[in-house]
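As C-alpha cells, the structure follows; a few thoughts come after it.
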C-alpha cells in the first residue's frame, strides 16, 4: 500500500520569498508522484509529475519538485512567491503509470503575505 | 472542449436520503474515477469505471455505488446518507492506460447532509 504525508497543513510566506511545501511518500514499488493545486471552489489542477528519468521536474507557474528516493521525498518549491499562488496544494502517489488511482496527502494551504 | 463537467454544483440532503451525482468526462476519455474530499482533507478514491464496469474500488461501503453509460458519462449514487457523507465529490476522467497524469478533474459537487 502507498501513502503520502504532507508536513504542515498551513504555510505562510511573504510575496517574493521562497515557497517550500513538503511531501514524503511510502510505497512498496517505485512510485509515480504528483503535485496538484486547488483554488477555492474549483477542482484539482496538475502542477507537475514525476514518472521516470530526471529527478528534478518542472511544472506550471514556475513550480518544480525533486524526487529523492533516499529520503522518500518529493518537495515542491518555487523561488519567488506570487499572490496568485495562494491555494491548497496536494501531493499524490500512484502505484503504476497505467493505474490512475491516486492516493493524496491531506494538503497544505499556502498563504502569501503582501 | 468543455473539460470534465459535474452536476449539480451544490446539493443539500437529509440523513437517510439517497443522492445521485453526475459527471461528463472530457472528450476522448473513456474512464471515470470518483473521489470524496471531506473538509480539510485530501481526496479519497471511491471507485473507477471503464467500459460500464467498476474497475477499481477504494475503501468505501456498499452504500456508494456507481454507473457508467455508453457515452462514458457516469453517476455516483449514495444511499442512506450519513452526516459524514458531507463532502466535495470530485469526478476525474482519463483514458485507460494513459497514466494518472492524463487525469482531468471536474469542479466537484458539494454535498451537505443535514
Cα-based Debye curve of the protein assembly as shown sampled at q = 0.10, 0.11 Å⁻¹ gives log₁₀ I(q)/I(0) of -0.45, -0.54
Just counting partner chain Cβ atoms within 10 Å, what average do the residues of peptide B:26-33 show around their Cβ?
1
Chain B - Rg over Rh from alpha carbon coordinates, Kirkwood radius:
0.95
Measuring from centroid to centroid over Cα atoms, what is the spacing of region B:48-79 and region B:24-41 in Å?
11 Å
Rank by packing, highest mean first: peptides A:31-44, B:40-53, A:53-66, with packing defined as the count of other Cβ atoms within 10 Å averaged across residues.
A:31-44, B:40-53, A:53-66
Region B:45-102: radius of gyration and largest Cα-Cα distance (Dmax), Å:
12.2, 36
Starting from the coordinates of the alpha-carbon atoms of region A:1-73, obtain the Kirkwood hydrodynamic radius over all distinct pairs and give the value in Å to one decimal.
13.7 Å
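Quick note: the coordinates plus some simple rules give every number you see, no bench work behind them. What you see is a predicted model; the values in this text were computed from it and never measured. Note: ideal-geometry Cβ built from the backbone for every residue, glycine included; neighbour counts use all protein chains shown.
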